[in-house]
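First the structure, in the form of structure tokens, and then the observations on it.
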Ligand code: CTP
């Protein structure tokens, strides 16, 4: 009996998939089809998978050529499978030509001609409207966004808005964008989604005006600085059938999602303490240290540090106390925030003028989890116990600096698939806005 194996994501099952499975089956007697998990695809930078794994498996089964369906969830698995199932022939489409020659040591490798004119990427484009992003602001984060958006299918960055037309023009030229505007209304005419990366104090107004016009909105952290503003924007988004999402990239990073789920699953017992620190030494002339109304380390960085605290301990804290070291213009160069919960506590440390160890420690009744810097781009963490022989390191690599996962989740929200809401809920964003408001009220007065 000749055994053939092939692999794929098989998202939105199409003619190309059907053809390759038919030809693969004809090459032998028994066909094994490996279908990739979402986690594996995410880690290798293949984003925007529309259908869940079980649905993709069903479609592979329905076409009737597969004798066995297996799940592919890690790099290197192909060699294991080929040996395990005594595979004679490995088959893959010609788009992978040469990439799997290393398998020739284990079995025959055949690249089959791809079916022309069809792919999951094309189908996604046909099925869903293209998200035509306009970027509000043209600073460093805006640049990163434009570069990372190129890795996400279904998205095109059309243009940029900046009240200073020369800055907008320069940004558009640098990034080859067709549109640049200093008039917000005519800018909104030309796009169907905005990414707001302007100074904190302007987020609310830009988001509101975009939502009023029925545009989907991705807004940098902190989304807004008042609880009431956050509630109002979410209500407006709902009324106008738009997506409003806060861009805290950590929340969407696959490693962070896994970290939170694992910590909540009881591997370190009951969680009693969360300590999160993020510091970034910054020059005195930067926006962060000159904007006397909304600058400072807490508004700049605490969206990151508050995130694990509220994800793990919830938003029902009893009290928060802030201790700040101020700069000459009365902005916080360093802030330690103490959160008191019924059965737990937490601290957030943020600094622009103080450097500290940027780590996240989650302490529980039977162990702790240590995540070293840059924990906000979570790729690895360690479960630590009294008996250190039980310690375990967990790795979860992803591509880029995490932004593309956030953009990909925005795409799935706009297109209403993927159920990714849990990663950063409306309530989470409102809670962060409330904490920011409380900080500004206490600290700036
Ligand atoms: N395939 C094919 N002809 C196509 C599309 C895919 O022969 N028109 C093959 C691929 O070469 C691979 C298998 O089908 O061997 C599964 O491919 P997959 O990556 O799941 O599908 P794509 O349509 O290529 O997906 P995407 O656009 O997301 O890359």
**Message:** Going by Cα centres, the range 7-36 and the range 88-106 are how many Å apart?
**Reply:** 14 Å
**Prompt:** If we count other beta carbons within 10 Å of each Cβ, what is the order of 90, 234, 422, 410, fewest first?
**Reply:** 422, 234, 90, 410
**Request:** Using only alpha carbon positions, build the gyration tensor of the range 79-140, then give the equivalent ellipsoid semi-axes as the square roots of 5 times its eigenvalues, largest first, whole angstrom.
**Result:** 38, 17, 11
**Prompt:** Can you sort 143, 286, 335 so the residue with the fewest Cβ neighbours within 10 Å comes first?
**Reply:** 286, 143, 335
**Asked** At a Förster radius of 35 Å, what calculated FRET efficiency corresponds to the Cβ-Cβ distance of residue 83 and residue 205, to the nearest 0.05?
**Response** 0.05
**Binned Cα-Cα distance frequencies in the range 378-418 - 10 Å width, integer %** = 25, 28, 24, 18, 5
**Asked** Normalized C-alpha radius of gyration of the range 242-397, against 2.2 N^0.38 Å?
**Response** 1.08
**Prompt:** Ratio of the range 301-358's C-alpha Rg to 2.2 N^0.38 Å, to two decimals?
**Reply:** 1.18
**Complete:** Hull surface over four for the Cα convex hull of the range 151-307, reported in nm², is 12.0 nm²
**Item:** Relative intensity, log₁₀ I(q)/I(0), of the range 52-167 from a Debye sum that treats every alpha carbon as a point, q = 0.12, 0.17 Å⁻¹
**Value:** -0.71, -1.03
**Request:** Give me the Debye-computed log₁₀ of I(q)/I(0) at q = 0.16 Å⁻¹ for the range 345-423, equal point scatterers on Cα only, no solvent, two decimals.
**Result:** -0.84
**Request:** State whether the range 29-77 is rounded, prolate or oblate according to the following rule on the C-alpha gyration tensor (a ≥ b ≥ c being the square roots of its eigenvalues): a/c under 1.5 gives rounded; otherwise a/b larger than b/c gives prolate, and the remaining case gives oblate.
**Result:** oblate
**Fill in**
Inter-part gap, Cα centre of the range 166-195 to Cα centre of the range 325-384, in whole angstrom, is 37 Å
**Request:** Considering only 380, 72, 58, give the residue with the highest GNM mean-square fluctuation for the chain, with springs between Cα atoms whenever their separation is below 10 Å.
**Result:** 58
**Fill in**
With Cα springs under 10 Å, the Gaussian network model of the chain assigns the largest mean-square fluctuation among 22, 46, 336 to 22
**Asked** Considering the Cα trace of the chain, what is its radius of gyration and what is Dmax, both in angstroms?
**Response** 24.4, 80
**Request:** Based solely on C-alpha atoms, express the radius of gyration and the Dmax of the range 170-258 in angstrom.
**Result:** 14.0, 42
**Complete:** The exposure ranking of 322, 278, 398, fewest beta-carbon neighbours within 10 Å first, is 322, 398, 278
**Fill in**
Here the relative contact order (percent) of the range 27-113, from C-alpha pairs under 8 Å and at least 6 apart, is 28 percent
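Each reported figure results from applying straightforward, stated rules to the coordinates on display, with no laboratory input. What you are looking at is a predicted structure, and each value in this text was computed from that prediction instead of being measured. Cβ: placed from backbone, ideal geometry, glycine included. Neighbour counts: every protein chain shown.
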